[in-house]
Amino acid sequence: MLSFDRALIERELGFQASLSGGPGGQHVNKTETKVTLKWDFESSEAISEVHKNRVRQHLERFIVQDDFIQMSSAETRSQHKNKKLVIALLMSHLEKAFQPQKKRKKSKPGKMQKLKRLQSKKKQAEKKNLRKKPDY
């Protein structure tokens, strides 16, 4: 498994707070609890070029037009908790991206699978034959 320096990544992160919807009454209308994380992974010193390619592949849905990774959290009414949650989200996605992919073992279908396939084909052919006009 490829490793990365969490502390260095956390120093490179940028955060922005904004108003968040949801329950909370008047409190939610005047406090900025939603946290948006931005990370410029292309110019990051914490990960290598191999890591950057894997991040680009696995986290492409979080990449915005200027090659920043952007994630947000508004689950709780605490800005600090949301910040911790969004950092944990990023780290979990990075760990998944850096896990080595398992190679597929080639296999052949078993006897029962072949038999089921042939039976279903025969059944379908009979159904089609019954729909034909009869020969006189």
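The values are calculated or read from the model by the stated rules, or taken from the named source; none is laboratory data. Small disclaimer: the values here were computed from a predicted structure and weren't measured. Neighbour counts are summed over all protein chains in view; Cβ atoms, including those assigned to glycine, are modelled from backbone coordinates with ideal geometry.
Does any residue of the stretch 18-34 turn out to be touching a Phe, Trp or Tyr at 6+ places or on another chain (Cβ under 7 Å) and more than 20 Å from L85 (Cα to Cα)?
No; the residues of the stretch 18-34 include none that is touching a Phe, Trp or Tyr at 6+ places or on another chain (Cβ under 7 Å) and more than 20 Å from L85 (Cα to Cα).
Counting only residues that are among the basic types (K, R) and either over 26 Å from H51 (Cα atoms) or surrounded by 14 or more Cβ atoms within 10 Å (Cβ to Cβ) (or both), how many does the stretch 97-115 have?
In the first step, residues of the stretch 97-115 are kept if they are among the basic types (K, R); the result is 102-106, 108, 111, 114.
Now drop any that are not either over 26 Å from H51 (Cα atoms) or surrounded by 14 or more Cβ atoms within 10 Å (Cβ to Cβ) (or both), which leaves 106, 108, 111, 114.
Result for the stretch 97-115: 4.
Please enumerate the residues belonging to the stretch 39-55 that are in contact with a helix residue (DSSP H, G or I) (Cβ under 8 Å, 6 or more places away or on another chain) and in a helix (DSSP H, G or I).
F41, E42, H51, K52, R54, V55
Out of all the residues in the stretch 53-71, is one or more surrounded by 10 or more Cβ atoms within 10 Å (Cβ to Cβ) and in contact with a Ser or Thr (Cβ under 7 Å, 6 or more places away or on another chain)?
Yes, some residue in the stretch 53-71 is surrounded by 10 or more Cβ atoms within 10 Å (Cβ to Cβ) and in contact with a Ser or Thr (Cβ under 7 Å, 6 or more places away or on another chain).
I need every pair where a residue in the stretch 61-81 that is within 17 Å of K34 (Cα to Cα) has its Cβ under 7 Å from the Cβ of a residue that is part of a loop (DSSP other than H, G, I, E, B) and aliphatic (A, V, I, L, M), sequence separation at least 6 or different chains.
The qualifying pairs are I69/L59; Q70/V64.
Charged (D, E, K, R), more than 20 Å from the chain's Cα centre (by Cα), at pLDDT 90 or above and within 23 Å of D5 (Cα to Cα): is that true of K81 in this structure? First the steps, then the outcome.
Numbers: charged (D, E, K, R): yes; more than 20 Å from the chain's Cα centre (by Cα): yes; at pLDDT 90 or above: yes; within 23 Å of D5 (Cα to Cα): yes.
Criteria met by K81.
I'd like to know if the stretch 28-38 contains one or more residues that are surrounded by 13 or more Cβ atoms within 10 Å (Cβ to Cβ), under 22 Å from the mean Cα position of the chain (by Cα) and either of a type in the set (V, I, T) or assigned to a helix (DSSP H, G or I) (or both).
Scanning the stretch 28-38, I find at least one residue that is surrounded by 13 or more Cβ atoms within 10 Å (Cβ to Cβ), under 22 Å from the mean Cα position of the chain (by Cα) and either of a type in the set (V, I, T) or assigned to a helix (DSSP H, G or I) (or both), so the answer is yes.
Within the stretch 81-96, can one find any residue that is exposed (fewer than 10 other Cβ atoms within 10 Å of the Cβ) and not basic (K, R)?
Looking through the stretch 81-96, none of the residues is exposed (fewer than 10 other Cβ atoms within 10 Å of the Cβ) and not basic (K, R).
Please verify whether the stretch 106-116 includes one or more residues that are among the aliphatic types (A, V, I, L, M) and over 16 Å from the mean Cα position of the chain (by Cα). It would help to see each step written out before you state the result.
To start, the set of residues in the stretch 106-116 that are among the aliphatic types (A, V, I, L, M) comprises 112, 115.
Pick out the ones that are also over 16 Å from the mean Cα position of the chain (by Cα) and you get 112, 115.
Yes, there is a match, as at least one residue in the stretch 106-116 is among the aliphatic types (A, V, I, L, M) and over 16 Å from the mean Cα position of the chain (by Cα).
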